[in-house]
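Undergrad: Pasting a structure below so you can have a look.
The values are calculated or read from the model by the stated rules, or taken from the named source; none is laboratory data. The structure presented is a predicted model; accordingly, all values stated were derived computationally and were not measured. With ideal geometry, Cβ positions are generated from the backbone for all residues, glycine too; neighbour counts draw on all protein chains shown. The accessibility values were calculated without ligands, DNA or RNA, using every heavy atom of the protein model including side chains. Shrake-Rupley method; radii C 1.70, N 1.55, O 1.52, S 1.80 Å.
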Amino acid sequence: MMPSTDSFVQSHTHGIHVIDTGFQRPRFDASYLIVERGRGAFVDTGTNHSVPRLLAALEAAGLQRADVDFVIATHVHLDHAGGVGLLMQALPAARLVVHPRGARHLIDPSQLMAGARGVYGDEEVARSYGEVVGVDEDRVLTTNDEMTLDFAGRALRFIDTPGHARHHHCIWDERSRGFFTGDTFGLSYREFDTGRGAWMLPTTTPVQFEPEALRESVRRMLAFDPQQMYLTHYGPVGSVERLGAQFLESLAEIVALGHRAAGAADRHGALRRGLSELYLQQLQRHGCTLPDDEVLALLAMDIELNAQGMGIWLDRLASAR
Ligand SMILES: [Zn+2]
């Protein structure tokens with residue numbers, strides 16, 4: 001008998017299923033299964049280790065493996081696309097939909113793996129991601145800005161959204177008036193939900209954080225007046241107008257922090273401390289009652305990687321001068 005999917009699949013509205021990929025910790029990394037007229041499309045896949053969960057979610061939704069038309073990667077970072085190749089092996093009719101700048105990395109993942117080893121180290125990459133599987137070139141469909149994909153009669157519109165990564169697009173689902181945002185619209189962990197709703201933070205992880213481009217990408221999405229944002233980290237969020245304003249304000253504070261810390265002797269330490277303080281202050285105002293050490297433990301990886309990504313951005317600024 002198939003194990004119950006209740007612990008990791010949640011049915012949302014408009015045929016959208018939220019799958020907890022199990023990467024890192026519960027409710028950290030999501031994959032989405034969209035079901036339309038008996039056909040399926042996945043948005044982001046987690047890693048190789050997530051694939052059994054995605055296939056179980058498909059079965060629980062009453063679909064066969066041949067019923068999946070598309071596997072969509074918002075961008076090619078491994079927590080979003082590491083499982084794409086392995087998943088595609090199980091889905092005979094599926095095509096991979098990817099940003100043109102990311103396609104070659106999912107066809108031949110060697111450069112992607114080398115990049116991840118540079119950020120996370122060999123051991124962590126082997127443990128978290130395993131061996132990433134390449135996708136046959138003839139199964140790959142690249143997008144362009146404003147392209148609309150016909151998914152069983154449901155329009156999915158692709159918007160080029162640089163700022164977190166240059167190989168990032170977001171997907172506008174007209175039906176639910178929501179965007180699948182990957183990492184462009186930041187991170188929002190359910191542990192920080194309060195009576196005021198969700199809290200979120202922009203992600204500035206290595207190596208292509210570009211604040212101006214990120215601001216424009218987010219503004220462009222907000223202009224659609226979305227009712228929902230489907231975040232990979234983690235889950236669907238409403239109150240998009242409020243969260244959008246919070247995002248843009250936080251991004252401005254992060255940029256200011258970067259300029260303040262740029263000349264510090266221990267720049268990385270100054271960025272880490274600055275981000276930690278920013279998050280703690282915001283969460284306090286948000287009515288979060290978790291103790292500080294618990295907040296910092298939940299955000300430990302984000303603080304480290306966001307500080308690294310800001311460092312790379314500041315180096316790029318300095319060398320452009
Ligand atoms: Zn990413």
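Undergrad: Stretch SER110-ARG196 to full length: gain in nm at 0.36 nm per residue minus the Cα-Cα span?
TA: 26.6 nm
Undergrad: Next question. Provide the three semi-axes, in whole Å and in decreasing order, of the ellipsoid equivalent to the stretch 63-153 as defined by the square roots of 5 times the Cα gyration tensor eigenvalues.
TA: Each semi-axis is the square root of five times an eigenvalue, giving 25, 15, 10 Å.
Undergrad: Run the simple label-point estimate for ALA66 and ARG242 please: 7 Å along Cα→C-beta, distance reported in nm.
TA: 4.8 nm
Undergrad: Same structure, new question: How much length, in nm to one decimal, is gained on full extension between ARG177 and ASP266, taken as 0.36 nm per residue of separation minus their Cα-Cα distance?
TA: 27.6 nm is the gain from fully extending ARG177 to ASP266.
Undergrad: Here's a follow-up. Starting from the Cα of ALA318, step 7 Å along the direction of its Cβ; do the same at ALA223; then give the gap between the two resulting points in nm.
TA: In this crude spin-label approximation the distance works out to 3.6 nm.
Undergrad: Here's something else I'd like to know. Pairs of Cα atoms under 8 Å, at least six residues apart: use those to get the relative contact order of the stretch 249-320, whole percent.
TA: Across the stretch 249-320, relative contact order equals 40 percent.
Undergrad: Solvent-accessible area of ILE34, probe 1.4 Å, all protein chains present, reported in Å² to the nearest ten, please.
TA: 0 Å²
Undergrad: Relative to the longest principal axis of the chain, what angle (0 to 90°, nearest 10) does the C-alpha long axis of helix 240-261 take?
TA: Its long axis makes an angle of about 50 degrees.
Undergrad: Suppose every K and R has +1 on its Cβ and every D and E has -1 on its Cβ; what is the size of the dipole of the stretch 5-239 about the Cα centre, in Debye to the nearest 20?
TA: 360 debye
Undergrad: Now for a different question. Can you tell me what share of the DSSP beta bridges in the chain is antiparallel? A percent to the nearest 5 is fine.
TA: 70 percent
Undergrad: So, with a 1.4 angstrom probe, what is the percent of accessible area on the chain that is carbon and sulfur?
TA: Result for the chain: 49 percent of the exposed heavy-atom area is carbon or sulfur.
Undergrad: Quick one: if the Förster radius is 30 Å, what FRET efficiency do GLU59 and ARG117 give, using the C-beta to C-beta distance and rounding to 0.05?
TA: That pair, GLU59 with ARG117, gives E of 0.30.
Undergrad: Going by the alpha-carbon gyration tensor, a ≥ b ≥ c the square roots of its eigenvalues, is the stretch 151-191 rounded (a/c under 1.5) or, if a/c is not under 1.5, prolate (a/b greater than b/c) versus oblate?
TA: oblate
Undergrad: If you split all Cα-Cα distances of the stretch 249-320 into 5 Å bins from zero, what percentages do you get per bin, shortest first?
TA: Result returned by the calculation: 3, 17, 27, 23, 16, 9, 4, 1, 0.
Undergrad: Between GLU212 and SER11, how many nm apart are label points set 7 Å from Cα along the C-beta direction?
TA: 4.8 nm
Undergrad: Leaving out ligands and nucleic acids, and using a 1.4 Å probe, what accessible area per residue does the chain come to in Å²?
TA: 42 Å²
Undergrad: Rounded, prolate or oblate: which fits the stretch 5-239 when a ≥ b ≥ c are the square roots of the eigenvalues of the alpha-carbon gyration tensor, with rounded for a/c under 1.5 and prolate only if a/b beats b/c?
TA: Rounded is the answer for the stretch 5-239, as its axis ratio a/c remains below 1.5.
Undergrad: Less than 15 Å Cβ to Cβ from VAL35, Lys/Arg counted +1 and Asp/Glu -1: what total charge do the surrounding residues give?
TA: 0
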